[in-house]
1. State the answer as a single residue: which of His198, Val132, Thr88 lies farthest towards the positive end of the charge dipole of the chain, with beta carbon charges of +1 for Lys and Arg and -1 for Asp and Glu, about the Cα centre.
2. Among the lysines, which fall within straight-line cross-link reach of Lys2, defined as a Cα-Cα distance under 27 Å, with same-chain neighbours fewer than 8 residues apart omitted?
3. Would you mind telling me which residue in Met109, Met24, Met125 has the biggest mean-square fluctuation in a Gaussian network model of the chain, where springs connect alpha carbons within a distance under 10 angstrom?
4. Given Cβ point charges of +1 (Lys, Arg) and -1 (Asp, Glu) and nothing else, what value in debye, to the nearest 20, does the dipole of the chain about its Cα centre take?
5. What residues qualify as long-range amide H neighbours of Val33, i.e. H under 5 Å apart, gap of 5 or more or another chain, H built at 1.01 Å from N?
6. Calculate how steeply helix 85-95 sits against the longest principal axis of the alpha-carbon atoms of the chain, using the helix alpha-carbon long axis, and give the answer as 0 to 90 degrees to the nearest 10.
7. For the chain, modelled as a Gaussian network with Cα springs under 10 Å, which listed residue fluctuates most, Gly120, Gly106, Gly66?
8. Distance between Cα centroids, segment 74-97 to segment 1-43: provide it in whole Å.
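FYI, it's all coordinate maths here, none of it is from the lab. Please read these numbers as outputs of a predicted model, since none were measured by experiment. Ideal geometry is used to build each Cβ from the backbone, glycine not excepted, and the neighbour counts take in all protein chains shown.
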Amino acid sequence: MKIGLLGGSFDPPHNTHIAVAAGMCHFRRLDRVDLLVTGQSPHAEGKSNHADVQHRLAMAHLAVEGRKSLGVEDIETRRKGPSYTIDTIRALKQANPGTSYEFIIGSDMLANLPTWREIGKLLQMVDFVTVVRSAGLSPGVFDDLRAKLGEDETDRLGANVVRIMSLPDISSTQIRAAAAAGESIAEWVPPAVRAYIHAHRLYR
């Protein structure tokens, strides 16, 4: 079985998250893509989530409801302290020895990969797949990666780039701001997520 992992706080999950997950499942020929809901991310220092973890998990489940190719992975929400991807992949591989994983990242995260914990081992354990939108990649990003990660690993990263040109330009930040102002968020999130936000008065 081949599973893609799309990590994020999903605070809240929105239509672009779903479009990326569904698109990657198709382009990479995966059996499923799971929304990997973060607990405390080591890459978001000084930031806190706006909705509690149980709300973010509930919204993630609602966002993928009825989509057989999408799921939710909660392993990081059950871990205290910062969640490192190397620990997550090790735990998932141990629990599911017959499953291979691909870790899906946005192009904005590509340049930061050398700072990830045990990145050398991590790149050997899982394929990283980079989603590139219409703006493209930062100039020289692969030259920098080659100097820090080496030729072979950088070539693998370069071979696993997927360009999705028509993604909606949505951010969780603008959704939270609109919800706080009492404005409509219907065009940005799945209906079940919108109903959940309103029912629990999140981001108010």
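1. It is His198.
2. Result set, ordered by chain and number: Lys68, Lys93, Lys121.
3. Met109
4. Numbers: 24 positive and 23 negative charges, 98 e Å.
Dipole of the chain, to the nearest 20 debye: 480 debye.
5. Gly4, Leu70, Gly71
6. Taking the Cα atoms of the chain, the angle to 85-95 is about 90 degrees.
7. Between Gly120, Gly106, Gly66, it is Gly66 that shows the largest mean-square fluctuation.
8. 15 Å
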